[in-house]
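Below is one structure, written out as structure tokens; comments come after it.
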Amino acid sequence: MNYEAQMFGDDGQMALPGEERRSRRRWWIIGGIVALVAIVAAALMLSGGSKEAATGEKAATSESQADSQMPTVTVAVPGRRSIQRAISATGSLAARREMPVGVVGEGGMVTRVLVEPGAWVRAGQVLATIDRSVQSETVQSLAAQVRVARADADIAQSELDRAQQLVSRGFVSQADVERKTATRDSAVARVRVAEAQLAEAQARNRRLDIRAPEAGLILTRSVEPGQVVSPGSGTLFRIAKGGQMELRAQLSEGDLQRLHVGVPAEVTPVGTDRTFRGEVWQVSPVIDPQTRQGIARISLSYDPALRPGGFAGARIIAGASDAPLLPQSAIQSDARGNFVYILNDKDEAVRRPVRTGEVSDAGVAIVEGLNGTERVVLTAGAFLNEGQKVKPELKTL
């Protein structure tokens, strides 16, 4: 069998030895070509994958480099807050109701001064006494006259009583009774005159004492023992009624229009960091034609740090409104006015014009230009250009 297979070819014809070798060579060549094609295809596939990988790597690298070159900025969504509208002012401290006290009576030499500045006094309390030696003698004389007049009135009444008892017996006429009645009435009238003169003298003596008209705080004293005073001597004491103080704040016409009685205020005297709370109790009805200013009077409770004549600053709350509040670093300014940068959906900087309002330690109120829902650039706004892409870092205000 083997011999026959060698003798005949695939076509059934008899194969010669030379032809058998050529057939084998042909099959080797075909196999080699197929293998070469397979190798080339594999190489091409590997080469394409490498190029795609290289292209993807380059793209990733470019994107990474672009991201690293974008500036990072801090942004925040401000929302809306209730912001107080405040007015700043300065002025002088004074007593809300300052009461000058002087000589009420005829005056004389001061014998004692019983109070010092800074003392609290009650209504009617004696502040100083005046020598009354002469007036005391006059009072004693008038008191003696009263006693004499009363004695005369008593005698006249007794004589009238006796006459009335005798008139029925006919010993005394009716005319005598009438005369004695008139005498009695005259004596009683003289008693009343003497008593009135005595009361007047005593009242004058009481007015010699210099008394406090109302309870309050003694601010100044301008009298010393031994000094002779009279109604023309002027003010001897000044009293702050009830110890109440006030700040007389100087304000422009526009600011006065925004105020009304009862609004709260904070007062800080010069030389101290203490703040005192009060309220506006009077708004000036007139404007100084020279300075174009008016006065708002802010009532304050007593405190030793509030000294009349001192200088103080005030922050008056004129109302409140809802508005976004931003730090000062977010507000930019140029020839076109104030503006901020906000970020759009693509994280690109967009210029937004704004109008600012109240400025406080908490920030700057934006009264126009923002609704509070925008992402606002807080820092680095001065280095941005409109349309520039950035990397935002969100911060909570």
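For region 291-312, give me each residue that is among the charged types (D, E, K, R) and free of Cβ contacts under 8 Å to residues at least 60 places away in the same chain. Please lay out each step first, then the result.
Going through region 291-312, the residues among the charged types (D, E, K, R) turn out to be 292, 297, 303, 307.
Correct list: Arg292, Asp303.
Check Arg192, Arg179, Arg162 and return the single one that is more than 60 Å from the chain's Cα centre (by Cα), assigned to a helix (DSSP H, G or I), of a type in the set (Lys, Arg) and at pLDDT 90 or above. Don't jump to the end; show me each part of the working.
On the way: Arg179 fails: at pLDDT 90 or above; Arg162 fails: at pLDDT 90 or above.
After ruling out the rest, the residue left standing is Arg192.
Please enumerate the residues belonging to region 351-389 that are more than 29 Å from the chain's Cα centre (by Cα) and either of a type in the set (A, V, I, L, M, F, W, C) or not in a loop (DSSP other than H, G, I, E, B) (or both).
Once the filter is applied, which keeps residues that are more than 29 Å from the chain's Cα centre (by Cα) and either of a type in the set (A, V, I, L, M, F, W, C) or not in a loop (DSSP other than H, G, I, E, B) (or both), region 351-389 yields Arg351, Arg352, Pro353, Val377, Ala380, Gly381, Ala382, Phe383, Leu384, Lys389.
Any residue at all in region 182-203 that is in contact with a helix residue (DSSP H, G or I) (Cβ under 9 Å, 6 or more places away or on another chain) and farther than 30 Å from Val148 by Cβ?
no
Aliphatic (A, V, I, L, M), buried (at least 18 other Cβ atoms within 10 Å of the Cβ) and within 30 Å of Pro213 (Cα to Cα): is that true of Val110 in this structure?
On the way: aliphatic (A, V, I, L, M): yes; buried (at least 18 other Cβ atoms within 10 Å of the Cβ): yes; within 30 Å of Pro213 (Cα to Cα): yes.
Here the answer is yes, as Val110 does meet what is asked.
Limited to region 304-320, what total is found for residues that are closer than 10 Å to Leu247 by Cα and either open to solvent by less than 30 Å² (accessible area, probe 1.4 Å) or touching a Pro at 6+ places or on another chain (Cβ under 7 Å) (or both)?
First pass over region 304-320, keeping only residues closer than 10 Å to Leu247 by Cα: 306, 308-314.
So of that shortlist, the ones also either open to solvent by less than 30 Å² (accessible area, probe 1.4 Å) or touching a Pro at 6+ places or on another chain (Cβ under 7 Å) (or both) come out as 306, 310, 312-314.
Of the residues in region 304-320, 5 are closer than 10 Å to Leu247 by Cα and either open to solvent by less than 30 Å² (accessible area, probe 1.4 Å) or touching a Pro at 6+ places or on another chain (Cβ under 7 Å) (or both).
Checking Ile130 against (1) open to solvent by 60 Å² or more (accessible area, probe 1.4 Å); (2) at pLDDT 85 or above; (3) among the β-branched types (Val, Ile, Thr): exactly one of these is not met. Which one?
(1)
Give the residue that is most open to solvent (accessible area, probe 1.4 Å), with candidates limited to residues of region 327-350 that are assigned to a strand (DSSP E or B) and out of contact with any Gly (no Cβ under 9 Å at 6 or more places or on another chain). Even if it seems obvious, please write down each step before you answer.
Going residue by residue through region 327-350, those that are assigned to a strand (DSSP E or B) are 332-334, 337-343, 348-350.
Pick out the ones that are also out of contact with any Gly (no Cβ under 9 Å at 6 or more places or on another chain) and you get 333-334, 337, 342-343.
On the way: Ser333: 85, Asp334: 65, Gly337: 26, Ile342: 13, Leu343: 15 Å².
Within region 327-350, the match that is most open to solvent (accessible area, probe 1.4 Å) is Ser333.
So which residues in region 268-281 are open to solvent by less than 70 Å² (accessible area, probe 1.4 Å) and either over 15 Å from Ser92 (Cβ atoms) or in contact with a helix residue (DSSP H, G or I) (Cβ under 8 Å, 6 or more places away or on another chain) (or both)?
The first filter runs over region 268-281 and keeps only residues open to solvent by less than 70 Å² (accessible area, probe 1.4 Å), leaving 268-269, 272, 276, 278, 280-281.
Hits for region 268-281 are Thr272, Val280, Trp281.
Output the residues belonging to region 268-290 that are part of a strand (DSSP E or B), under 19 Å from Phe311 (Cβ atoms) and free of Cβ contacts under 8 Å to residues at least 60 places away in the same chain.
Thr268, Phe276, Arg277, Gly278, Val280
Among the residues of region 294-303, is any within 30 Å of Gly79 (Cα to Cα) and open to solvent by less than 20 Å² (accessible area, probe 1.4 Å)?
Applying the first criterion (within 30 Å of Gly79 (Cα to Cα)) to region 294-303 yields none.
No, region 294-303 has no match at all.
Evaluate the following for Arg81: is it more than 30 Å from Val350 (Cα to Cα), modelled with pLDDT of 55 or more, open to solvent by 40 Å² or more (accessible area, probe 1.4 Å) and not aromatic (Phe, Trp, Tyr)?
Values: more than 30 Å from Val350 (Cα to Cα): no; modelled with pLDDT of 55 or more: yes; open to solvent by 40 Å² or more (accessible area, probe 1.4 Å): yes; not aromatic (Phe, Trp, Tyr): yes.
It is false that Arg81 is more than 30 Å from Val350 (Cα to Cα), modelled with pLDDT of 55 or more, open to solvent by 40 Å² or more (accessible area, probe 1.4 Å) and not aromatic (Phe, Trp, Tyr).
Return the total of residues in region 351-397 being open to solvent by 70 Å² or more (accessible area, probe 1.4 Å), of a type in the set (Val, Ile, Thr) and closer than 17 Å to Asp334 by Cα.
0
For region 153-202, which residues satisfy the criterion of being open to solvent by 70 Å² or more (accessible area, probe 1.4 Å) and in contact (Cβ under 8 Å) with a residue 60 or more places away in the chain?
Of everything in region 153-202, just one residue is open to solvent by 70 Å² or more (accessible area, probe 1.4 Å) and in contact (Cβ under 8 Å) with a residue 60 or more places away in the chain, namely Gln202.
Starting from region 345-367, take each residue that is more than 18 Å from Ile317 (Cα to Cα) and in contact (Cβ under 8 Å) with a residue 12 or more places away in the chain and list its partners that are open to solvent by less than 50 Å² (accessible area, probe 1.4 Å) and of a type in the set (D, E, K, R), counting only C-beta distances under 8 angstrom and pairs at least six apart or across chains.
From residues that are more than 18 Å from Ile317 (Cα to Cα) and in contact (Cβ under 8 Å) with a residue 12 or more places away in the chain, the pairs are Arg352/Glu374.
If a residue must be in contact (Cβ under 8 Å) with a residue 40 or more places away in the chain, over 13 Å from Ile298 (Cβ atoms) and either open to solvent by 50 Å² or more (accessible area, probe 1.4 Å) or assigned to a strand (DSSP E or B) (or both), how many such residues does region 243-267 contain?
3
(1) among the polar types (S, T, N, Q); (2) open to solvent by 50 Å² or more (accessible area, probe 1.4 Å); (3) in contact (Cβ under 8 Å) with a residue 60 or more places away in the chain: which one isn't true of Asn205, the others all being true?
Status for Asn205: all satisfied but (2).
Can you tell me which residues in region 222-238 are within 41 Å of the chain's Cα centre (by Cα), open to solvent by 50 Å² or more (accessible area, probe 1.4 Å) and under 13 Å from Glu116 (Cα atoms)? Even if it seems obvious, please write down each step before you answer.
From region 222-238, those within 41 Å of the chain's Cα centre (by Cα) are 222-223, 234-238; that's our starting set.
Narrowing the set further to residues that are open to solvent by 50 Å² or more (accessible area, probe 1.4 Å) leaves 222, 235, 238.
Ser222, Arg238, listed by residue number.
The values are calculated or read from the model by the stated rules, or taken from the named source; none is laboratory data. Just so it is clear, the model here is predicted, and its values are computed rather than measured. Virtual Cβ from ideal backbone geometry, glycine too; neighbours counted across all protein chains shown. The protein model used for the area step is the full one, side chains on, heavy atoms only, and it has no ligands, DNA or RNA in it. Shrake-Rupley method; radii C 1.70, N 1.55, O 1.52, S 1.80 Å.
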